[in-house]
Structures are given as structure tokens and as C-alpha cells.
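K.L.:
Pasting a structure here, questions to come.
Please treat every number below as a calculation from the coordinates, not as lab data. Keep in mind that this is a model prediction, so the values were computed, not measured. Cβ placement follows ideal geometry from the backbone for every residue including glycine, while neighbour counts extend to all protein chains displayed.
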Amino acid sequence: MRTLSGIQPTGNLHLGNYLGAIRNWVRMQDDMPGEKLYFLADLHAITVHNDPAELTANTREMAAALMAAGIDPEKAILFNQARVPAHAELAWLLFCTARIGWLNRMTQFKEKSGKNREGASVGLYAYPVLQAADVLLYQTTHVPVGDDQKQHLELARDIATKFNLDTGTETFTLPDPTIPPTAARIMSLRDGNAKMSKSDPSDMSRINLVDAPDTIMAKIRKARTDAEPLPSEVAGLQDRPEAKNLVSIYAAMADESIHDVLSRFAGQGFGSFKPALGELLVETLRPIATRLNQLKADPAAIDAALEAGAARAAALARPTLDAAYSALGLCR
């Protein structure tokens, strides 16, 4: 059993990243059998323009954030793609297996390119093939995915199947999706119908893992809500997206069900609930922020951890890459 997940190095992690993915990575690292690989998708980041110095800084900061949140480079393999050239090598081999029609059906390119499809990079169009290489390179058996990534994992399975059939080999393992049972979908503090995102121009829309306690309390205090008290049943949150979001954040942070949270706060207004939520966030995130600031002060240690992880990842990748070259009749 081998599990793999990746995240783009886009700067500060926020609460949505932590509750939606990172906390589950930590739990998988500690509870699931087999090897776990967690990588920073810096090759994916360059499908759009990046300032080189900023990308380097973001990669280090994201690595530090993952370690601060609980990823242990001794227990899991933590690395960035660019340190393992086999990702790019295998991607080219798979470009020659993937079909244009398959990529034309990828919905995320349409969303990310917007009205400027002709001006988008080839990388933005074809990055699902690199994603397939990321997964197939390590004979990955399980990939934690959200609903928005299921289509990409299906593409990886299609590419692996076609490659194996075309070459008459069993070069690649077909990975299975896993939906983490505790993954939380966290929405903006300013709009309960929009995901919490770093791209939102308003910093008040999100809780960053590095936010100071006073900042966290202020953001929660100013979070959009409605005038109604909290209901006693989950059904009472229907058509109340901002209220549902804040209750969902509390439930996720406290490792409780929404029903349990409502049982405790039913009938209370947000004047009572928000301070309780803010205090819970402050106390839970405080050790992460402290550790993150310590790690950021020592970039050489971050680089050493990534280099060590990349060496382990490269050793795992080598047999698969060699097998793929051999299956295609390529002499090396």
C-alpha cells in the first residue's frame, strides 16, 4: 500500500487547506499502513507565470507549514517535484500515450483558462498528464481526492491502462481514489457559498495558519452571519450558508459532529458562538504557527529535509521509470 498527495506551493496555508487536506495527511501518516509520499507541486505551479524568487520562497514556506502542521519527514516522504526529475521524464512518455480527446474533456482547464484559452500555456492544458505521472511513478495504490480531482485520477487510470495494453506489460499500477472521511469543506468567512481561498482579495475571508491570535479573533468576530440564533438540528442550517460554515469549522476543529455542536449552542446567537469559535481556533493553531515561524527561520534545514525526501522518492521512482523506458523500446 502506497499513498500519494500533492499541494501547490502558493504561499501561506489557510484553514481550508489545513482542514480540507493537511490534517488528514497527518492522520494518514500516523494511522494508515504502507508508505506515504507528500510532495510540493512546483512543476505544476509554473503552468502560469510565477516570479522565480517568490516560487522558491513559497516552496520553502509550504514545506515548513506542512512540517509545522505535523508532517514528519521521518515517517513520510516529503519533497518537491523539481528535485525528482523522473516526474518530468515520465510525463513526456505519458504525453505520447494520452489522447487529445481525453484532455479536451478535462473541466478544470476551461475554468482556469477562462476567456483566454488561446493565450493559456500548453502546460495548463496538459498538466493532468503530469498529475498522472506524479501518481503512476510510484506505483501508488491510493490517492486521497476531493470531488474536483476525481476526473484527473480517472484520467491517470485510463493512461495507465492504455500504456499497459499498448506495450503488453504491467508497467503501472492502477491507483484507487480515497475520500478522507474527516475532510472538511471550508468556505469563505465573507461568503458562505465560496470556498476559502488565498486568491480572494480580502484577507478577512480566510484564517491563515500564521495569523496572530488577535487577528484570528477579529476575523471571526467580523465573519458574515445572519441574525437568527443557532438551531438545535442540522436541518435548521439549510439556506444559512454563513451559519453552516462557522458551525462546520467549529465541528472540524473540535473533532465533533455538527449535531453535537448544535446541541451545545442551540438557541444562542453568534455573539456567544463567535468568541467560542475564535478561542478554539487560537488554541488549536497556536502551536502550528509557533513551529512554522521556527522552521522559517532556518531555510537550510527546510532544504535539507526536502533533499532527503527527494532522494528517497527518486529511489522509489527509478524502477518504474526504467520499466516504462524499456516497455517502449527506448535505449538508455
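K.L.:
Pull out a ≥ b ≥ c, the square roots of the eigenvalues of the alpha-carbon gyration tensor of the stretch 107-193, then state rounded if a/c is under 1.5, prolate if not and a/b is larger than b/c, and oblate in the remaining case.
P.N.:
It comes out oblate by the Cα gyration axes.
K.L.:
Can you work out the PRE-style zone for T290? Point 7 Å along Cα to Cβ, and I want the residues of the stretch 208-230 with backbone N under 20 Å.
P.N.:
Once the point is set 7 Å along Cα→Cβ of T290, 208-217 turn out to lie under 20 Å by backbone N, inside the stretch 208-230.
K.L.:
I would also like to ask the following. Counting other Cβ atoms within 10 Å, keep those with at most 14, restrict to DSSP loop, and tell me which GluC sites (Glu not before Pro) in the stretch 215-265 are left. All intermediate terms of the calculation are to be shown ahead of the outcome.
P.N.:
Details: sites: E233, E242, E256; in loops: E233, E256.
Answer in residue order: E233, E256.
K.L.:
Moving to a separate point now. Take the alpha-carbon positions of the stretch 271-327, form their convex hull, and give its projected area averaged over all directions (one quarter of the hull surface) in nm².
P.N.:
Average of the hull's projected areas for the stretch 271-327 equals 7.2 nm².
K.L.:
Report the gain in length on full extension from S232 to K162: 0.36 nm times residue separation, minus Cα-Cα distance, nm rounded to one decimal.
P.N.:
20.0 nm
K.L.:
What value in Å³ per residue do you get for the convex hull of the alpha-carbon atoms in the stretch 1-128?
P.N.:
Normalising the Cα hull of the stretch 1-128 by residue number yields 135 Å³.
K.L.:
Report, for the chain, the % of DSSP beta bridges that are antiparallel, rounded to 5.
P.N.:
The answer is about 10 percent antiparallel.
K.L.:
Continuing with this model, one more query. Please work out the Cα center distance from the stretch 152-185 to the stretch 45-116, rounded to the nearest Å.
P.N.:
Using only Cα atoms, the two centres lie 17 Å from each other.
K.L.:
Next question, about the same structure. Which whole-number percent is the relative contact order of the chain (Cα, under 8 Å, 6+ apart)?
P.N.:
After rounding, I find 23 percent.
K.L.:
Moving on to the next point. Could you give the length gained by full extension between A212 and D72, i.e. 0.36 nm per residue of separation minus their alpha carbon distance, to one decimal place?
P.N.:
Full extension from A212 to D72 adds 48.0 nm.
K.L.:
Using only the Cα atoms of the chain, what do you get for the radius of gyration and for Dmax, in Å?
P.N.:
Cα-based Rg and Dmax for the chain come out at 21.3, 72 Å.
K.L.:
Also, I was wondering about something else. From the residues S257, S205, Q238, which one has its Cα farthest along the dipole of the stretch 203-294 in the positive direction, the dipole being from +1 and -1 charges on Cβ of Lys/Arg and Asp/Glu about the Cα centre?
P.N.:
Among S257, S205, Q238, the one farthest towards the positive end of the dipole of the stretch 203-294 is S205.
K.L.:
Take L280 and S326, extend 7 Å from each Cα along the Cα→Cβ direction, and tell me the distance between the two endpoints in nm.
P.N.:
For L280 paired with S326, the spin-label model returns 5.4 nm.
K.L.:
Would you calculate, for the chain, the mean residue ellipticity at 222 nm contributed by helices, counting each DSSP H stretch of 4 or more residues as -39,500 (n - 2.57) and dividing by all residues, to the nearest 500? Spell out each step's value before the answer.
P.N.:
Numbers: 13 runs with 174 residues, N = 332.
It comes out at -16500 deg cm²/dmol, rounded to the nearest 500.
K.L.:
Calculate the translational D of the stretch 178-332 in whole µm² s⁻¹ from Stokes-Einstein, where the hydrodynamic radius comes from the Kirkwood formula applied to all Cα pairs, the temperature is 10 °C and the viscosity 1.306 mPa s.
P.N.:
Stokes-Einstein gives a translational diffusion coefficient of 85 µm²/s.
K.L.:
Take the Cα atoms of the stretch 203-294, find their three principal axes, and give me the spread along each one in whole Å, biggest first.
P.N.:
Principal-axis extents of the stretch 203-294 (Cα, largest first): 43, 24, 19 Å.
K.L.:
Say R0 is 35 Å: what FRET efficiency, to the nearest 0.05, do S272 and S197 get from their beta-carbon distance?
P.N.:
Calculated value: 0.75.
K.L.:
Could you compute the FRET efficiency for D260 and L174, with r as their C-beta to C-beta distance and R0 at 45 Å, rounded to 0.05? Don't skip to the answer; put the middle values down first.
P.N.:
On the way: r = 39 Å, r/R0 = 0.86.
For D260 and L174, the calculated efficiency is 0.70.
K.L.:
Report the FRET efficiency, 1/(1 + (r/R0)^6), for A304 and D31, where r is their Cβ-Cβ distance and R0 is 45 Å, rounded to 0.05. Mind showing how you got there, number by number?
P.N.:
On the way: r = 27 Å, r/R0 = 0.60.
It comes to 0.95.
K.L.:
Would you be so kind as to identify all helices of the chain, as entire DSSP H runs, whose Cα atoms reach 27 Å or more along the helix's own axis and whose mean Kyte-Doolittle hydropathy is at least -0.5? Mind showing how you got there, number by number?
P.N.:
Values: long enough: 270-296 (36 Å, 0.14); 299-327 (41 Å, 0.52).
Helices passing the filter in the chain: 270-296, 299-327.
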